[in-house]
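FYI, it's all coordinate maths here, none of it is from the lab. All of these numbers come straight from a predicted model, not from anything done at the bench. Here the Cβ is made from the backbone with ideal geometry for all residues, glycine too, and neighbour counts use every protein chain on show.
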Amino acid sequence: MEGKKFNCETESEKEVPAEALATARHELGEHNGINMSIEASNTFTFKDSETMNRAFQGEVGPKTGIYIYSRHLNPTVQNLGRQIAAMEGTETGYCTASGMSAISSVLLHLCNSGGHAVAAKTLYGGSHALLTHFLQQKCNITTTFVDIVDLEEVDNAMIEGKTSVLYFESISNPTLNVANIPELSKIAHAKGVKVVVDNTFTPMILSPAKLGADVVVHSISKYMSGEADIIAGAICGPAEIVDQMRDPHQGPLMVLGPTMNPKLAFEISGRIPHLSMRMKKHCKRAMKFVAKIKELDPNLVVLYPGLEEHPQHSLLKSMSNKDYGFGGVFCVDMKTEERANRLMDKLQNNSKFGFMGVSLGYYETLMTCSSSSTNSMLDDKEKERAGISPGLIRFSVGYVGTFEQKWSQFTKAYSEM
Ligand SMILES: *Cc1c(COP(=O)(O)O)cnc(C)c1O
């Protein structure tokens, strides 16, 4: 039995992600279940040998309901890819086993040996390590790191004919700089460079592809999963790029095999419809905490793009989708690692404000001292260059409990400092 197909393309350029999801229905399940079925087969049969041959020539494929093998594409994983692509406003999407596998597959696809990438100097630690060490040592792909808010520096770092990728995060981790996606895309495209944006920090809030980016990558492990229980990723972009990545003979998705398990794809697909509500909650709480913390101690350095004093406050406002805020992550600079650790200990163990943990996007607040945890692979010089102070605590704001309850837990710990 074949599930009934619905049109999954977004209907209008102007649709915000939540609206796009309303029109981008997943397939009905077998027996007309309102949830999609889990396609548990890793191998698919063909109606005849001719169809089998044509599938391997790429003449028929998933678009016409013909599948080969789940590492290439599984219908349930494809369904989730469509949902996420609708959310991002891209033609197509492919889901992977982790955010890092999405990022590495895209970079290995777009860069050749001897090639060059330009990347933001403040990046998720794993991405930074991939670009700094792995791609250079194993693949002879070099990277120039730039201050992503300095458009001139970015422009000068891209070498026409050699640079193939400009890579950055919509909001950088952990310093919370906001990238000017439209301008960066213009500069890159003028030199024939593809723009790849990691939108992990701002799903629903920002739609980088609509702002000019070519490929959008995600770590689903964070906000999209929302329960800190899953490792997964996604690649969203034009069919031209993603289909090439799935080329049955040579595509990186085939030869590196980063694909997602269909049982996991099914589980994640049920969380995307309430991502919009969750993101709004995270944003609202973060804004409220930041405002109260500034009141509590005006001398404390707080990084949050929702603050008017943040250098990219109005830029983020101009790029973000209607009715969303400024993200669910803020940072407080406690100046020294010792003070940062002391505050986190009190917040977790004395007042039960949140948990020490490296991830983000959980329903409880997670706290990490970036310098000694998620970004510890950077040496001191790299940290300084990336603007990561030793006492910087990153808060991924949760939404459980009332604000008043959580605020009294925060002030209790802070007053003991
Ligand atoms: C966590 C994270 C990644 C890596 O994703 P995994 O799912 O852990 O592989 C990449 N980019 C950002 C911004 C992240 O926060």
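Taking 26 Å as the straight-line reach from the Cα of residue 63, the lysines in range (excluding those fewer than 8 positions away in the same chain) are 4, 5, 14, 47, 194, 210, 263. Scaling against 2.2 N^0.38 Å puts the C-alpha radius of gyration of the chain at 1.00. The distance between label points at residue 63 and residue 133 comes to 4.2 nm (points 7 Å beyond Cα on the Cα→Cβ vector). Among 284, 352, 63, the largest mean-square fluctuation in a Gaussian network model of the chain (Cα springs under 10 Å) belongs to 63. Between residue 416 and residue 308, full extension at 0.36 nm per residue minus the direct alpha carbon distance yields a gain of 36.0 nm. Per the Debye calculation on segment 84-133 with a single equal scatterer at every Cα and no solvent contribution, log₁₀ I(q)/I(0) for q = 0.24 Å⁻¹ amounts to -1.04.
Computed from the alpha carbon atoms alone, the convex hull of segment 186-244 holds 85 Å³ per residue. What the pair-distance distribution of segment 274-415 shows, using all Cα-Cα distances binned every 10 Å from zero, is 12, 42, 36, 10, 0 percent.
Against the chain, whose longest principal axis comes from its Cα atoms, helix 181-190 is set at around 50 degrees.
The modelled label-to-label distance for the pair residue 46/residue 186, using points 7 Å beyond Cα in the direction of Cβ, is 4.9 nm. Selection among 187, 270, 46 by position relative to the dipole of segment 11-273 gives 46 as farthest towards the positive end (Cβ unit charges, Cα centre). Calculate the length of the line joining the C-alpha centroid of segment 83-137 to that of segment 381-414, in whole Å. Spelled out, the Cα-based centre of one part sits 28 Å from the other. Taking the chain as a Gaussian network of alpha-carbon nodes connected by springs under 10 Å, the highest mean-square fluctuation of the residues 35, 321, 74 belongs to 35. Global size of segment 119-241: 14.1, 43 Å for Rg and Dmax (C-alpha atoms, Rg to one decimal, Dmax whole).
Reachable lysines from residue 292, Cα under 16 Å, same-chain residues fewer than 8 places away excluded? Filter leaves 284, 406, 412.
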